[in-house]
Amino acid sequence: MDYQALLERIAADVAPLVGSGTPAEYIPALASVDRDRFGIAVADLDGKVYGTGDWEHPFSTQSVTKVFALALALSLGGDDLWDRVGREPSGNPFNSLVQLEYENGIPRNPFINAGALVVTDRLLTLTGDASSELLEFLRAESGNPDIAFDPEVAASESEHGDRNAALAHFMASYGTIANPVPALLEDYFWQCSIEMSCADLALAARFLARHGLRADGTRLLSRSEAKQVNAVMLTCGTYDAAGEFAYRVGLPGKSGVGGGIVAVVPGRCTLCVWSPGLDRHGNSVAGMAALDRFTTLTGLSVF
Ligand code: GLU
């Protein structure tokens, strides 16, 4: 497949949508990002990467890191994680508190904020420093040693993090969280602040297309665990629009409020698209349209 020509065609097709939607405003450091940016990259299983537009420009990964944190926590700590977090779509906004009380402090899935806090808590217990462990993992998988935290974004999230603090304290009251809440929040905000490009993310996610094999050929996840992570991405990875994402794109995907979306074609390739304008669910408007075009033009979907 001529990925380069394909990506250029997709970029031209979605160009009218670039700039629509709004960047995340509840994190002030993200609100000022130029909404006219657009980049898309595809990595094949061997690590050859193709891209167009702003595909090498680092952006704030935000919730896209949740999929990598989940994979690391499973690889280091196994299935016990699922005692403290579910794997069903929430049908609620990503930072909602309501459902947590009805469900006794166990979040619906690892990709809403409450569930991601549980995953980071687990990683913190297993490693002593979840965000640094994650950063090293992302550097290794992407082959880019320059991937870094953005201290300004981490500080901005911490300053405006009342909702995440509420989620964490609430879960701690049920015993879902093992570490002191302030330390957990700090680690979580650093995790969300990691900056990467579309090329970096497409490369880093390859273990999901390679049935659990890392870039160096060693195994991160069993074949079955890789299938499970992809399944949770498909059902829960794009906020409360996962049904719409499955309908339009038909791939496991994980989005973030920085405007990035990673998608996986198991056994074939990984994709990452970035454009900061978000729809009302928190998914990139142009990003979602680009992935829709990709699967429509190529027929590469899990369905
Ligand atoms: N750091 C963001 C938060 O915790 C991540 C949200 C997202 O990308 O969905 O609110």
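The values are calculated or read from the model by the stated rules, or taken from the named source; none is laboratory data. Quantities reported herein were computed from a predicted structural model and do not represent experimental measurements. Virtual Cβ from ideal backbone geometry, glycine too; neighbours counted across all protein chains shown.
Taking only pairs six or more apart or across chains, which ones have beta-carbon atoms under 7 Å, a first residue in the stretch 49-69 that is touching a residue at least 24 places away in the same chain (Cβ under 8 Å), and a second residue that is among the acidic types (Asp, Glu) and outside any helix (DSSP H, G or I)?
58/195; 59/195; 60/150; 60/195; 61/195
Name the one entry in 33, 14 that is within 16 Å of the ligand (Cβ to nearest atom), touching a residue at least 12 places away in the same chain (Cβ under 8 Å) and either of a type in the set (A, V, I, L, M) or in a loop (DSSP other than H, G, I, E, B) (or both).
Working: 14 fails: within 16 Å of the ligand (Cβ to nearest atom).
Matching residue, one of 33, 14: 33.
In the stretch 167-182, is there at least one residue being within 14 Å of the ligand (Cβ to nearest atom), farther than 12 Å from residue 121 by Cα and surrounded by 14 or more Cβ atoms within 10 Å (Cβ to Cβ)?
yes
Select, from 100, 7, the only residue that is of a type outside the set (D, E, K, R), modelled with pLDDT of 95 or more, in a helix (DSSP H, G or I) and buried (at least 16 other Cβ atoms within 10 Å of the Cβ). Break it down stepwise before answering.
Details: 100 fails: modelled with pLDDT of 95 or more.
7 is the lone residue from the list that is of a type outside the set (D, E, K, R), modelled with pLDDT of 95 or more, in a helix (DSSP H, G or I) and buried (at least 16 other Cβ atoms within 10 Å of the Cβ).
Out of everything in the stretch 36-63 that is within 16 Å of the ligand (Cβ to nearest atom) and outside any strand (DSSP E or B), what residue ends up being surrounded by the fewest Cβ atoms within 10 Å (Cβ to Cβ)? Before the answer, list the steps.
Step one: list which residues in the stretch 36-63 are within 16 Å of the ligand (Cβ to nearest atom), which gives 58-63.
If we keep only those that are outside any strand (DSSP E or B) as well, we get 58, 61-63.
Numbers: 58: 19, 61: 31, 62: 23, 63: 24.
The selected residue is 58.
Taking the stretch 159-201, which residues are under 22 Å from residue 273 (Cα atoms), part of a helix (DSSP H, G or I) and of a type in the set (Asp, Glu)?
200
Looking for whichever is within 16 Å of the ligand (Cβ to nearest atom) and among the aromatic types (Phe, Trp, Tyr) here; the options are 137, 149. Which one fits? Reasoning before the result, please.
Details: 137 fails: within 16 Å of the ligand (Cβ to nearest atom).
After ruling out the rest, the residue left standing is 149.
Given 303, 294, which one is among the hydrophobic types (A, V, I, L, M, F, W, C), outside any loop (DSSP other than H, G, I, E, B) and in contact (Cβ under 8 Å) with a residue 40 or more places away in the chain?
On the way: 303 fails: outside any loop (DSSP other than H, G, I, E, B).
Being among the hydrophobic types (A, V, I, L, M, F, W, C), outside any loop (DSSP other than H, G, I, E, B) and in contact (Cβ under 8 Å) with a residue 40 or more places away in the chain holds for just one of 303, 294, which is 294.
Does the stretch 81-110 hold any residues that are among the charged types (D, E, K, R) and without any contact (Cβ under 8 Å) to a residue 40 or more places away in the chain, and which are they? Spell out how you get there, then give the answer.
Filtering the stretch 81-110 for residues among the charged types (D, E, K, R) gives 83-84, 87-88, 101, 103, 108.
Hits for the stretch 81-110 are 83, 103.
Quick one: would you say residue 107 is buried (at least 20 other Cβ atoms within 10 Å of the Cβ) and more than 30 Å from residue 43 (Cα to Cα)? Give the derivation first.
Numbers: buried (at least 20 other Cβ atoms within 10 Å of the Cβ): yes; more than 30 Å from residue 43 (Cα to Cα): yes.
Judged against the criteria, residue 107 is a match.
Among 219, 214, 210, which is the only one that is over 21 Å from residue 147 (Cα atoms), away from the ligand (no atom under 16 Å from the Cβ) and touching a residue at least 24 places away in the same chain (Cβ under 8 Å)?
Working: 219 fails: touching a residue at least 24 places away in the same chain (Cβ under 8 Å); 214 fails: over 21 Å from residue 147 (Cα atoms).
Step by step, each of 219, 214, 210 is checked, and only 210 is over 21 Å from residue 147 (Cα atoms), away from the ligand (no atom under 16 Å from the Cβ) and touching a residue at least 24 places away in the same chain (Cβ under 8 Å).
Search the stretch 175-191 for residues that are hydrophobic (A, V, I, L, M, F, W, C) and pair each with any residue that is within 16 Å of the ligand (Cβ to nearest atom) and part of a loop (DSSP other than H, G, I, E, B) when their beta-carbon atoms are under 8 Å apart and the residues are at least 6 apart or on different chains.
Final answer for the pair search is 184/177; 185/161; 189/161; 190/149.
Let me spell it out: the conditions are (1) assigned to a loop (DSSP other than H, G, I, E, B); (2) surrounded by fewer than 23 Cβ atoms within 10 Å (Cβ to Cβ), and residue 81 meets all of them except one. Which number is the exception?
Unmet for residue 81, out of (1) assigned to a loop (DSSP other than H, G, I, E, B); (2) surrounded by fewer than 23 Cβ atoms within 10 Å (Cβ to Cβ): (1).
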